[in-house]
1. For A:Ser75, A:Ser127, which order do you get if you count the other beta carbons within 10 Å of each Cβ and list the fewest first?
2. ³J(HN,Hα) across the stretch B:156-173 via Karplus (A = 6.51, B = -1.76, C = 1.60, θ = phi - 60°), whole Hz, x for Gly/Pro?
3. What does DSSP give for the stretch B:48-120 in terms of the percent of beta bridges that are antiparallel, rounded to the nearest 5?
4. Using Cβ counts within 10 Å as a stand-in for footprinting exposure, how do B:Val94, B:Val117, B:Val193 rank, fewest first?
5. If I fit a long axis through the Cα atoms of helix B:189-213 and take the longest principal axis of the Cα atoms of chain B, what angle between them do I get, 0 to 90°, rounded to 10?
6. Of the listed peptides A:44-50, A:198-204, A:170-176, what is their order by residue-averaged count of other C-beta atoms within 10 Å, with the highest listed first?
7. Assuming a viscosity of 0.890 mPa s and a temperature of 25 °C, what translational diffusion coefficient in µm² per second does Stokes-Einstein assign to the stretch A:1-142, Rh being the Kirkwood radius over Cα pairs?
8. Take the alpha carbon atoms of the stretch B:196-268, find their center, do the same for the stretch A:130-194, and report the distance between the two centers in whole angstrom.
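Every number in this text was worked out from the coordinates using simple rules, so none of it is lab data. Please read these numbers as outputs of a predicted model, since none were measured by experiment. No Cβ is skipped: glycine too gets one built from the backbone with ideal geometry, and neighbour counts run over all protein chains shown.
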Amino acid sequence: MKQKNACVSIQNVSKSFGTHSVLRDIHLDIYEGEIFGLLGPSGAGKTTLVKELAGLDTPTEGTNFLFGQKMPNLSLIERIGYMAQSDALYTELSAKENLRFFSELYGLKGKKQAERMEEVAKVVQLSNHLAKVVSNYSGGMKRRLSLAIALLHEPELLILDEPTVGIDPVLRKNIWHAFQELKEQGKTLIVTTHVMDEADKCDRLGLLRDGKLIAVGTPDELKKQTGTKTIEEAFLYFGGER
Amino acid sequence: MMRVTAMVKRILKQLIRDKRTIGLLIFAPILVLTMLYFVFTGDDYIPRIGLVDAPEPFVEQMDDSKAAITIFKEEGEAEEKVAAQELDAYIAFVDNQPELVLEGSDPTVTGATMEWVQEAFQPGQQENMPQLKVETVFGSDDMGQFDYFGPVLLGFFVFFFVFLIAGVSFLRERTTGTLERLLATPLRKWEIVVGYVIGFGIFTMIQSTIIASYAVYVLGMVMEGAFFHVLLVILLLSFTALSLGILLSTFAHNELQMMQFIPIIVVPQIFFSGLFNLETVAEWLSWISYITPLYYAADALRDIMVRGYGFAEIYMNLIILLGFTLFFIMMNILVLRKFRTM
Ligand SMILES: Nc1ncnc2c1ncn2[C@@H]1O[C@H](COP(=O)(O)OP(=O)(O)OP(=O)(O)O)[C@@H](O)[C@H]1O
Ligand SMILES: [Mg+2]
């Protein structure tokens, strides 16, 4: 077994908006070089948690550590690639202009910039549609462009909030293949999802429900623990217990 | 610096794509200025005046080139015409004592009538009064209202449109989630605000050069000072409008709510920026003019365009405008902390 270094360490994290408690005392370590899936029903607090990891929000209690340093921290941001749940694109601009703009924000220029733009477009299979204005993109195409933007600066940690929503099964398979490749390059990926067959492809899963982390483990461990055959059943099992 | 440049390039690109907004920003002020030009510089009003029982010598010596005169036999007839708004006034001579009856519902008409009447009843040529020689310190005695209001309106258009467009752009950035996306990149908060200021600053320069040139060279608005100084004032004013627009957009949830700031923030500035004489504003209200950016810009614009002043006389106003801008920018950066605390 390889030595496990925590890339992300969530310690005692709670979050509430006013009196509404959204995250409750979460403890979680995510290791370097793994694909970690965050699973949970709508409103469970997945987005809230990953936003804190991306530095866009702060916990009410507890601390998030990334690469051993306390978040939020501006110097860590360059090492993170974030893809929000809703597409945040400049729809008046073409896909290429979007890619160029974001790559410049990360200080990419010249040949390197052109290379990266080409590479990420290939990963999400948008190479032939780069000249199109984004407002003419389909939902799935926008999703893929958002993903491409998150990959632009070759971050060590990718935080992807439902990256494959609205993407057809064939493309989804290709994208997961790309995730595996990134993982092999030593990157860490945090992916939130509702889709159970995607959950099976993660190295480890965290089940989130009503702001509580109710189970953490590899897909097989979770299935064994609950004596079920699918992640879906395991999820229902954990959910029903509470 | 590269990140600010990227922001500026993107903002300009977005603006250029939006042809309609560009059209609005440039042609709307041109259209309104043109209309005002025709309203303010139209021919003088010719009052329609009736005379009842006027003595012969009076009728002979009066100047009927500046009024449309009708002679009546009966006062009742003239009265009817006035009531029917076919006459603006009539003068009845009762025992050689003239009596003026005015229709009186339109101040402009009443004013023009009164002016004519006063002239007609002036103690004519019989006296050897020396003619009063008229000289003006600034402007000229044929400087019309258009020239007086023009500089203020120029400032107002820049303020209004930049405020609105920048505010709405930033609001969209927030509602579409791109602001949050930007804050997940290494972009600093001040770089976002500065990017907006420079991007819109460049655009405003182009916009106001076109509008000011049109006003001065096509409509013939007075321009005693340097054109360059006018652009300088407008640039600083646009920075103020922009930083205020962005700041207030944070308190709006949608475009309609952004519009709601217009009657609260933009319109009152017209009243306090010198379109109306501030001496007559109630004292307890007049302090407002000192907190309206448009007041300082309009004052400087008038100094340059009407009075021909140079940099030495306007720099204080420029500093104040800059102060407003810096204050709003600081507030913006503070407000952005809501989205990212680092
Ligand atoms: N800014 C906010 N103010 C108040 N409540 C919020 C805010 N953001 C999120 N919440 C609440 O937090 C809870 C969790 O939201 P979150 O977006 O994290 O869910 P999620 O697990 O990502 O759901 P989904 O799968 O639908 O995306 C919800 O009940 C939501 O209403
Ligand atoms: Mg979510």
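1. Details: A:Ser75 10, A:Ser127 14.
Lowest count first: A:Ser75, A:Ser127.
2. 4, 4, 4, 4, 4, 6, 5, 4, 5, 5, 5, x, 5, 4, 6, 4, 4, 4
3. Working: 6 of 15 bridges.
Taking every DSSP beta bridge within the stretch B:48-120, about 40 percent pair in antiparallel fashion.
4. Details: B:Val94 10, B:Val117 19, B:Val193 25.
Fewest-to-most Cβ neighbours within 10 Å comes out as B:Val94, B:Val117, B:Val193.
5. Between helix and principal axis, roughly 30 degrees.
6. Working: A:44-50: 22.7, A:198-204: 19.0, A:170-176: 15.7.
Those peptides, ordered most packed to least, come out A:44-50, A:198-204, A:170-176.
7. On the way: Rh = 17.5 Å.
Answer from the Stokes-Einstein relation: 140 µm²/s.
8. Each part's Cα centre sits 41 Å from the other's.
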